1. Taking the number of other C-beta atoms within 10 Å as the exposure measure, put 136, 243 in order starting with the fewest.
2. For a distance above 23 Å, tell me the whole-number percent of Cα pairs in the stretch 182-281 that qualify.
3. Return 263, 504 ranked ascending by Cβ neighbour count within 10 Å, so the fewest neighbours appear first.
4. Whose amide H sits under 5 Å from the amide H of residue 199, counting only residues 5 or more places off or on another chain, with H placed in the peptide plane?
5. Output the Kirkwood hydrodynamic radius of the stretch 109-250, Cα pairs only, in Å rounded to one decimal.
6. How large is the convex hull of the Cα atoms of the stretch 377-538 per residue, expressed in Å³ as a whole number?
7. What ranking do 383-396, 416-429 get when scored by the average of other Cβ atoms within 10 Å per residue, highest first?
8. Provide the FRET efficiency to the nearest 0.05 for the residue 174-residue 480 pair, computing r from the beta carbons and using R0 = 45 Å.
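Computed from the coordinates by the stated procedures, all read-outs in this text should not be read as laboratory data. Since the model is a prediction, treat every value here as computed from it, not as a measurement. When we count neighbours, we look across all protein chains shown, and the Cβ atoms used for this are built from the backbone with ideal geometry, even at glycine.
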Amino acid sequence: MPDSTPNSAPNTSAALSPEAQARLIEAHTALAARCDRLEERHRALEAERDHYRWLAESSTDLISRHARDGTFLYASEAARDLLGYAPEELIGISAYDLFHPADLAALLNKSPRIYYRDGFYQQTYRFRAKDGHYVWFETTSRTRRDPASGELLDILCVSRDVGRRIRAEANRERLARVVESTTEFVLFMDDDERLFYANQAARHLLQLPRTGGAARLADAYIEESLRDLHDIVLPAVARYGSWSGELAMRGPQGVVPVLSVVMAHSGPGTESGHVSLLNRDIRLRQAAEEQARQHQAQIAHANRLATTGELASNIAHELNQPLGTIGNYASGALLKLDAGQPAEALRLPLEQIQRQVERLGERLRHIRGFVRKGQIRPRPMVLAEVVDAACRLCEWQYQQAGVDLEVALKAPLPRVIADPVGLEQVLVNLLLNALEASRDHPGAQRVEIKARRSGRREVTLTVADQGPGIPADQADSIFAPFHSSRDEGLGMGLAISRTLMEAMSGNLRLLPHTGSGGATFAATLLAEPDHTAALKRP
């Protein structure tokens, strides 16, 4: 009996041929495979979308999407760190409202500072953060348009904080302006000794064009300084990174002495062998130093003249004694002639007269050399010779005052670096001061001069008296100009003496009071290097 159930479906497979059934199964299989591929592709797209979303949310750059009017459609998590906004707070806000007004005007007017090419924009501008301060952003934008109509759909932006770079560039620009406008001569040189930069002052000095030019190091410095640069300066810069000292540059009116600082370029992006040469014109300084030296020489000369006035009695004695001796021998020679003695008898008095004339000439030359004006020129010299000359100048005053002048130089002493006349002036000042302190002071019977080696390259000469000494509260002021303990004194002797010692790379000081009375002054000088000891050193 047939099934008459109304919901029962007819068995169509029984009506299909085997070939049709096979094609149907194949179609079902292909459809299932296609569905699987679509599902797999969908999962891949979802994974890729999640990956890009993770990248966008993890990036330290602000990634955003905007409508054509600049409204935020999307903002990444970096908005929190860069601007202080939660991403959802920016949605619906126009980015243009947060631009700095000046930078927004540049954007709308398509300033040349805004880069554009093939739908890409790049701009550096200030963007207002949530707390009101502005952040320097560099944003790269990509416009997306409808392929059919060309209508703008949205704008994709990647923005990064470039405040540190902007500030660094501003600092470099300020420094560049300072270097360009400074009066010092600034040069940059490569490893081939080509000057690839010269500031305005250097260009003016070397007659270089503002741009271009093929100047070389040899065009900037005179031959002697160029040799120093090759032999001393550049090797020192290569080893230590910098060097400073005095050189000389070429100028349109002649040589320009300069104080140079040479530094190797260092840091990222610098080329090996590139150096900076900073040169300061020291013509005014040298002129001032020369004027000061001349002024010092004039003061020292005036002091020597004043000292010579104090030595007037010594000069008279120096002249009187040999003249008296000459007169005596001349009288004796005349008496021998009157007595009719042979000419041979005149030999002795005439030889004595000649000897006294030579001695007198030597003493006069010494006094004239002491008074003569001249610059301080330290050189190696024997200390005992200067001490002897100073003592002979003061000997007559000491004899008149009844004060002994004792000299004790510990031998052997090396030669010292000093100017003979300058050191003699210092010693005469100290000896006359010691004599003045010893006059009429009970128990002051002698003044002692001693010298000893006080260091490997140092000799100290002391002058000690037995006078009343110098109060402790005056120990520092006695070297000040115009300070004098005598009513008739000028107060310049010790001040000039200290200046002369310093000009000879030495020093003059008052030694601390020892309780034995009197004052002791110590003059310290550099000693000549002991080459013999150096040769013996293993």
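1. Neighbour counts put them in this order, fewest first: 136, 243.
2. That tail contains 17 percent of the Cα-Cα pairs.
3. Fewest to most other Cβ atoms nearby, the residues stand as 263, 504.
4. 186
5. 20.0
6. Roughly 122 Å³ of hull volume per residue.
7. In descending order of packing, they fall as 416-429, 383-396.
8. The value I calculate is 0.45.
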